[in-house]
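Only the coordinates and a few stated rules stand behind these numbers; no lab work does. Owing to the predicted nature of the structure, the values given are computational and were not obtained by experimental measurement. With ideal geometry, Cβ positions are generated from the backbone for all residues, glycine too; neighbour counts draw on all protein chains shown.
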Amino acid sequence: MSAKDNRLASKAKNRRRSLATTAMASMHNKRTKETREAEAKGETGPLIPPRKECPPDKQGLPPLSQLVPQKQDREYKLADQAEYWCHPSERAPLNYNDCNHNDTYYQIPFMAGLTNGLKMMLLAVIRAFEENRCLYVTEWNHLMMRTDKTQELKSFIGRYFEPIGLPLDNENVLEARKKGRVEVSHWMKNWDDRVKRRMHGLLHNITSLGYENMESTLLKRIMLQRMWRLQPAVREESCKSLESKGGLDEEYMAFSVRRGDKDTEGFEFTKSIDYIIAAEDVSIEHFNCHMPTIFVATDDCAVMDEFRTMRPEWNFVSECENSDGHNGFILSDMKTWTLEQTDEHYRKFFVELIGLAGAKFFIGVTYTNVAWWAAYMRPHRWSHKFLDKPGQSAIHTLDVW
């Protein structure tokens with residue numbers, strides 16, 4: 001690394017540390033709705049659930065991570081499931097040029113927000129390969145648009161990911177557009193059709209890829225790995241940040257907490273206390289009563305104080321300590337962001353996605369597309385719990401996803 005690169009890296013690190021310090025200070029002054037409600041009822045302090053006792057038949061057992069052989073000589077000191085996402089995919093990238101160039105092309109719009117857009121793009125890409133149709137992606141959404149035109153992104157995909165689809169200046173794409181051989185692959189065409197949505201248990205054939213009678217969930221997992229590929233530098237920075245948390249080199253648990261603008265969409269935020277109660281159940285059932293490190297992915301860093309107040313002896317880690325301390329993501333706010341703020345937000349977000357993918361068990365909510373995307377990055381359907389669907393099993397939710 002050159003002296004200039006070292007100076008730039010040091011400057012960026014110091015800037016993030018300064019932003020994090022300011023954010024953490026503000027977090028201590030923030031009170032959540034549930035805290036205010038408790039105080040209004042005359043209760044003092046946070047709502048702290050009683051601890052659950054470990055059943056006698058579980059007591060004294062070692063953590064499961066001690067019973068499972070671990071890989072040696074890893075580049076990253078992360079649990080195997082997390083480390084998997086810290087290396088180039090074992091699966092080859094999709095060959096977007098291997099298609100019928102004489103047929104109608106699919107134009108796939110990249111929508112916002114990010115995981116919603118990626119979800120719909122994944123379904124559209126699967127359909128294109130199933131039909132042996134060529135495809136290209138058009139980008140113009142809230143992820144890119146800025147009030148200050150100098151801060152707009154020319155390409156979101158190109159900034160963070162390896163290419164998806166044929167380039168817009170590809171001669172075959174230009175020819176197809178000139179002759180009108182283009183069909184917009186609208187998201188509803190894939191989402192509202194249970195077959196095109198690839199609901200669990202259905203079988204599919206993609207001749208061009210050699211897939212025969214492949215089950216839907218497996219198909220989406222494989223195609224996600226072949227389509228969605230972080231640029232090497234982005235992946236490396238994300239994994240180094242995740243590794244630096246400590247406590248994630250053994251099997252761990254993950255919380256996904258989404259607040260921000262979701263209440264404007266008619267969703268009621270899940271309370272922090274519900275995560276604590278669920279974690280104790282999960283630790284008994286899946287970690288032999290050992291409470292592992294809990295990685296928290298959230299758009300509202302105020303939850304970290306809430307969790308640590310309820311269970312000060314637990315080890316909660318998060319990217320909040322190394323970010324600008326967002327207190328609720330609101331999509332419409334992006335129009336005022338600078339390029340630096342955009343990079344910082346998605347730097348944090350990619351760390352969180354890998355952190356969620358790498359956890360042995362995931363506790364979250366279904367009203368964010370982050371949960372959908374993370375579920376298909378994760379290898380086991382049984383390893384999920386959705387707190388906003390108390391009367392419905394996680395498996396049922398995943399079946400219709």
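At a glance:
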quantity: Cα-based shape type of segment 187-277, given that a ≥ b ≥ c are square roots of the gyration tensor eigenvalues and the cut on a/c is 1.5; calculated: oblate
quantity: Pairwise FRET efficiency - T309 versus T138, Cβ, R0 = 51 Å, nearest 0.05; calculated: 0.65
quantity: All-pairs Cα distance distribution in segment 116-269, expressed in whole percent, bin size 10 Å; calculated: 8, 26, 35, 24, 6, 0
quantity: Net lengthening on full extension, S155/E268 (0.36 nm per residue, minus Cα-Cα); calculated: 37.3 nm
quantity: Residue-wise HN-Hα coupling along segment 377-383, computed from phi with Karplus coefficients 6.51, -1.76, 1.60 (Hz; x: Gly, Pro); calculated: 8, 9, x, 10, 6, 6, 8
quantity: Stretch gain in nm, segment I395-T338, where the contour uses 0.36 nm per residue and the Cα spacing is subtracted; calculated: 16.5 nm
quantity: In Hz, Karplus ³J(HN,Hα) per residue of segment 107-124 (6.51, -1.76, 1.60; θ = phi - 60°; x = Gly, Pro); calculated: 9, 9, x, 8, 8, 10, x, 4, 6, 5, x, 5, 4, 5, 5, 4, 4, 5
quantity: log₁₀ of I(q)/I(0) at q = 0.15, 0.20 Å⁻¹ - segment 264-401, Debye sum with one point per alpha carbon; calculated: -0.80, -1.42
quantity: Built amide H within the under 5 Å cut-off of E183, gap 5+; calculated: Y105, Y106, Q107
quantity: Computed label-point distance, nm, for sites N97 and N205 using a 7 Å Cα→Cβ extension; calculated: 2.9
quantity: Cα gyration tensor shape of segment 69-186, rounded if a/c is under 1.5, else prolate or oblate by comparing a/b with b/c; calculated: oblate
quantity: Stretchable slack from H87 to D193, in nm (0.36 nm times residue separation minus alpha-carbon distance); calculated: 34.7 nm
